[in-house]
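Input: a single structure, listed below in structure tokens.
Read-outs throughout are calculated quantities, based only on the coordinates presented, and are distinct from any laboratory measurement. Quantities reported herein were computed from a predicted structural model and do not represent experimental measurements. For neighbour counting, all protein chains shown are included, and Cβ atoms are generated from backbone atoms with ideal geometry for every residue, glycine included.
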Amino acid sequence: MSNRTYNLYCDESCHLENDHKQYMLLGYINVPYNQIQIHKEAIDNLKKKHNFYSELKWSKVSHSKSVFYQELTDYFFSSDLRFRAIIIDKNRVSNQTFEQDFDTFYYKMYYQLIYHMLDMSSTYNIFLDIKDTLSKWKIKKLREVLQYSYSSIRTLQNIRSHESIFMQLADFFTGALNYNLNEEPAVTAKVDIIERIKKHSNHSLDCNTTKSASKFNLFFIELK
């Protein structure tokens, strides 16, 4: 594989239709294929430094591990890793208007997340977190939506989050955005991380970044 191949590790938050959360988020971590081992080793070393031996998860951010997660955030912004997320206000979803169900809408949103930022001169391996027993069917459907025949997409498959540090990193950043938008921030360690992300990205996290923002790209979809 050339150095123009990228792995995308996708995660989602508040993606259920009736979970009483206003915002649904889909996000991915973009990793240059030829740098995968470099970033794995760097994050592993960071974990060893802080005696951190569990999965990275936004839900696990706490006072006792706050310094580790702060340094993880710093590492991301100092590296060639990239993050993109789309944010959907579920109060504005009108499936009846388009004669579709929520699952169809869900795949349309994944299309928005992935397709419009693809560089057709590069190739991509895309991985989705296995969430439930329907994950295999979801991959099949997403292949159809993304028009899998495009040569830029080499691989599209499910993996489990514990198998990939980058999938866990996608959970971390997607979870941070979710917390900032959907929750009443009350955990100091989490608020500190969100403020750190805002500072690094020079962005408020509650509106679109510019389309050209490649490091930390946010798109709040305006549903018609």
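A few points about this structure:
- Set K49/K199; K48/K140; K90/K141; K65/K90 screened for pairs whose C-alpha atoms are more than 26 Å apart: K48/K140; K65/K90
- Annotation for region 164-212: chymotrypsin sites (Phe, Trp or Tyr not before Pro) lying in DSSP loop with at most 10 further Cβ atoms inside 10 Å of their Cβ do not exist.
- Sorted by Cβ neighbour density within 10 Å, fewest at the top, the residues V31, V67: V67, V31
- Taking GluC sites (Glu not before Pro) across region 144-224, the ones in a DSSP loop with at most 13 further Cβ atoms lying within 10 angstrom of their Cβ are E183, E222.
- Neighbour-count order for R143, R154, R82, fewest beta carbons within 10 angstrom listed first: R154, R143, R82
- Here the gap between K198 and D119, fully extended at 0.36 nm per residue and compared with their Cα-Cα distance, gives a gain of 25.8 nm.
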